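Asker: Have a look at the structure that comes next, please.
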Amino acid sequence: MKEWYFVIDVAKCWDCNNCFIACKDEHEGNDWPGYTLAQPRHDHRWINVHRRERGQYPLIDVAYRPTPCMHCKDAPCVEASAGAITRREDGIVLIDPEKSTGKKELVASCPYGVIFWNEELNVPQKCTMCAHLLDDGWQQPRCAQACFTGALRAISLEEEEIRLMVEAEGLEQLHPEKGTRPNVYYKNLHRFDKEFISGSAAVKHNDVVDCAQGIQVKLYRADEVLQECVTDVFGDFRFDGLPRNSGEYRIALQPEGSSSQSVPVDLASSISLGTILL
């Protein structure tokens with residue numbers, strides 16, 4: 001059977017918060033019987049855009065990660081709820097407003113922190129993927145409909161179809177080590193949760209320093225080449241997707257017709273090596 005999935009491209013998110021605003025517009029002050037009670041105006045972020053800045057001036061990267069309910073296949077909240085939270089056959093996880101009344105402990109049952117407590121109504125609440133709209137024939141929930149960059153989309157696919165998409169597009173889940181098997185997949189997630197090594201190559205001619213374009217640069221771990229690239233028109237290069245605190249690397253720059261130049265790097269978090277004069 002087909003299930004609903006969110007596919008989110010971190011590289012396309014501009015932090016416009018249209019998704020958040022559309023969610024508020026749909027749910028704040030509106031009860032949807034059988035699905036959810038009204039969302040309060042403040043505090044709740046049923047889809048939250050997290051922000052991360054990496055690197056140092058002048059080579060800095062800023063990324064934004066929209067984060068809704070993961071609608072997990074093995075959802076801890078469902079297991080902890082004694083029937084107050086259920087997962088539908090189409091993959092959407094819903095909190096029953098009546099059965100969950102007074103159960104504030106369910107907020108802590110979510111390892112992703114996306115269940116919120118409505119103090120006024122005395123119920124836990126979260127993203128419903130606008131199930132009331134999808135059941136009425138809508139093709140997208142409000143958040144995805146409002147995303148003008150295409151960073152956020154909802155799709156209904158068979159298990160084999162989503163598996164093939166994951167392989168073809170290099171999609172990842174958020175914190176797969178939690179073992180919840182989320183129905184939310186991310187593209188370019190490394191922009192948010194991995195580190196990079198960057199720098200600029202330059203050459204000096206007659207006391208004039210200029211950008212070194214087209215220089216071959218390789219990233220080594222011991223004697224193994226992990227990545228390679230060519231410097232751009234500004235002489236810049238970057239190797240991304242590296243684990244935090246991953247230790248010793250070596251950058252080798254190879255100008256045409258000259259001997260290579262190596263720079264050792266001890267990587268803790270994203271780093272700019274500054275200008276390397278060849």
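The values are calculated or read from the model by the stated rules, or taken from the named source; none is laboratory data. These numbers were taken from a predicted model, which means no experiment stands behind them. Reconstructed Cβ throughout: ideal geometry from the backbone, glycine too, with neighbour counts over all protein chains shown. SASA here: full protein model, heavy atoms, side chains in, ligands and nucleic acids out. Shrake-Rupley method; radii C 1.70, N 1.55, O 1.52, S 1.80 Å.
Asker: Only one of these conditions is not met by Ile92: (1) open to solvent by less than 10 Å² (accessible area, probe 1.4 Å); (2) over 21 Å from Arg142 (Cα atoms); (3) hydrophobic (A, V, I, L, M, F, W, C); (4) touching a helix residue (DSSP H, G or I) at 6+ places or on another chain (Cβ under 8 Å). Which number is it?
Answerer: (2)
Asker: Scan the stretch 233-245 for residues that are crowded, with 16+ Cβ neighbours inside 10 Å and within 24 Å of Leu189 (Cα to Cα) and jot them down.
Answerer: Residues of the stretch 233-245 crowded, with 16+ Cβ neighbours inside 10 Å: 235-240, 242.
Those that are crowded, with 16+ Cβ neighbours inside 10 Å and within 24 Å of Leu189 (Cα to Cα): Asp236, Phe237, Arg238, Phe239, Asp240, Leu242.
Asker: Out of (1) within 25 Å of Gly170 (Cβ to Cβ); (2) open to solvent by 20 Å² or more (accessible area, probe 1.4 Å), what's the single condition that is false for Val7?
Answerer: Exception for Val7: condition (2).
Asker: Could I ask something else about it? Check whether at least one residue in the stretch 188-206 is closer than 21 Å to Cys72 by Cα, open to solvent by 70 Å² or more (accessible area, probe 1.4 Å) and assigned to a loop (DSSP other than H, G, I, E, B), and report yes or no.
Answerer: no
Asker: Assuming Asn18 fulfils every condition listed in (1) under 30 Å from Leu242 (Cβ atoms); (2) touching a residue at least 12 places away in the same chain (Cβ under 8 Å) apart from one, which condition is it?
Answerer: That leaves (1) as the condition not met.
Asker: Here are the criteria: (1) assigned to a strand (DSSP E or B); (2) open to solvent by 30 Å² or more (accessible area, probe 1.4 Å); (3) without any contact (Cβ under 8 Å) to a residue 40 or more places away in the chain. Tell me which single one His42 does not satisfy.
Answerer: With (1) assigned to a strand (DSSP E or B); (2) open to solvent by 30 Å² or more (accessible area, probe 1.4 Å); (3) without any contact (Cβ under 8 Å) to a residue 40 or more places away in the chain applied to His42, the lone miss is (1).
Asker: A further question follows. In the stretch 115-157, what residues are assigned to a helix (DSSP H, G or I) and either in contact with a Cys (Cβ under 8 Å, 6 or more places away or on another chain) or more than 21 Å from His44 (Cβ to Cβ) (or both)? Full working, then the answer.
Answerer: Restricting attention to the stretch 115-157, the residues satisfying the condition of being assigned to a helix (DSSP H, G or I) are 131-134, 142-145.
Selection gives Arg142, Cys143, Ala144.
Asker: Continuing with this model, one more query. Return the residues of the stretch 212-230 that are among the charged types (D, E, K, R), assigned to a strand (DSSP E or B) and open to solvent by 60 Å² or more (accessible area, probe 1.4 Å); say none if nothing qualifies.
Answerer: Keep residues of the stretch 212-230 that are among the charged types (D, E, K, R), which gives 218, 221, 223-224, 228.
Next, only the ones that are assigned to a strand (DSSP E or B) stay: 218, 221, 224, 228.
Within the stretch 212-230, Arg221, Glu224, Glu228 qualify.
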